[in-house]
Amino acid sequence: MPALEDLYREIVLDHYRNPRNRGELPCPPAKRAKGFNPLCGDEVIVFVEVDEGGRISDVRIDGQGCSISQAAASMMSVSVKGKTLSEARELERAFKTMMVIEGGGSPSSPADLGDLAALQGVKKFPVRIKCATLCWNTLSEGLTTE
Ligand code: ZN
C-alpha cells in the first residue's frame, strides 16, 4: 500500500484548505470551461482571461470535489497565471507526463514544475490521477473555446 502521506503532501493540503484564485471572472472577456470527473464526482470550473499579448492575465477557479481535485486546480491557477499560452501548454504537458510516466521520462524535471511536483504522489493512486488532471483538461478547453 502506498503511503497516504504521499498523496496528501503538506503543500497540497494547504492549497485545499486555502484555495488560491478562487471565484469567477466576467465572461467575456474571460472564457469559462467546466470539467467533471464522474469517477469521483469532482467538478472544476475555470475562468481564464488572456491579454492581447497572448499571456494569461487572470485565472479563477470554482467548483467542488475531493481534496486532490480542488488542490490541483488551485496549484494550477498559481502556476499558469502570468504565463504565455505556450508556457501554460508546456506546463500541462510536463504535469501530465509526470502523472503517467514512472520516474519522469520527459525533458522536464519535477523542478521545472515547482509546487506542482508535490502532486506526483497521486500517481501511486491511479484512480486519483483524473482528480489531479481534471483542472488541466478544463483549462485547455477554456483556452481553445472561441
Ligand atoms: Zn477526486
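General remarks:
- In sequence order, calculated HN-Hα J values of region 33-46 (Karplus, 6.51, -1.76, 1.60; Hz; x Gly/Pro): 9, 10, x, 9, 10, x, 5, 10, x, 6, 10, 10, 10, 10
- Taking 0.36 nm per residue of separation and subtracting the current Cα-Cα distance, fully stretching the chain between V100 and E10 would add 30.2 nm.
- Residues with amide H under 5 Å from that of T84, placed H, sequence gap 5 or more: I56
- Per residue, in Å², the accessible surface of region 1-108 once ligands and nucleic acids are set aside, probe 1.4 Å: 53 Å²
- Sulfur and carbon atoms: percent of accessible area, the chain [1.4 Å]: 53 percent
- In order through region 117-125: 3J(HN,Hα) via Karplus (6.51 cos²θ - 1.76 cosθ + 1.60), integer Hz, x for Gly, Pro: 4, 5, 8, 5, x, 4, 5, 6, 10
- For K31, the lysines whose Cα falls under 19 Å of its own Cα, not counting residues fewer than eight places away in the same chain, are K81, K83.
- A simple spin-label model places pseudo-atoms 7 Å from Cα toward Cβ; at E52 and F36 they are separated by 3.9 nm.
- Contact order, relative form, for the chain: 30 percent (alpha carbon pairs under 8 Å, 6 or more residues apart, mean separation divided by residue count).
- Kyte-Doolittle mean at least -0.5, axial Cα span of 15 Å or more - DSSP H helices of the chain: 67-80, 85-100, 129-144
- Set of lysines near K124 by C-alpha distance (under 18 Å), chain-local residues within fewer than 8 positions excluded: K96
- F125 paired with N18, simple spin-label distance in nm, labels 7 Å along Cα-to-beta-carbon: 2.3 nm
- Given charges at beta-carbon only (K, R positive; D, E negative), |dipole| of the chain in Debye: 220 debye
- Calculated from the alpha-carbon coordinates, the chain shows an Rg and a Dmax of 14.3, 49 Å respectively.
The values are calculated or read from the model by the stated rules, or taken from the named source; none is laboratory data. This structure is a prediction, so every number in the text was calculated from the model and none was measured. Heads up, the Cβs are rebuilt from the backbone with ideal geometry, glycines too, and the neighbour counts pull from every protein chain shown. Ligands, DNA and RNA are stripped out before the accessible areas are found, and what is left, the full protein with its side chains, is counted by its heavy atoms. Shrake-Rupley method; radii C 1.70, N 1.55, O 1.52, S 1.80 Å.
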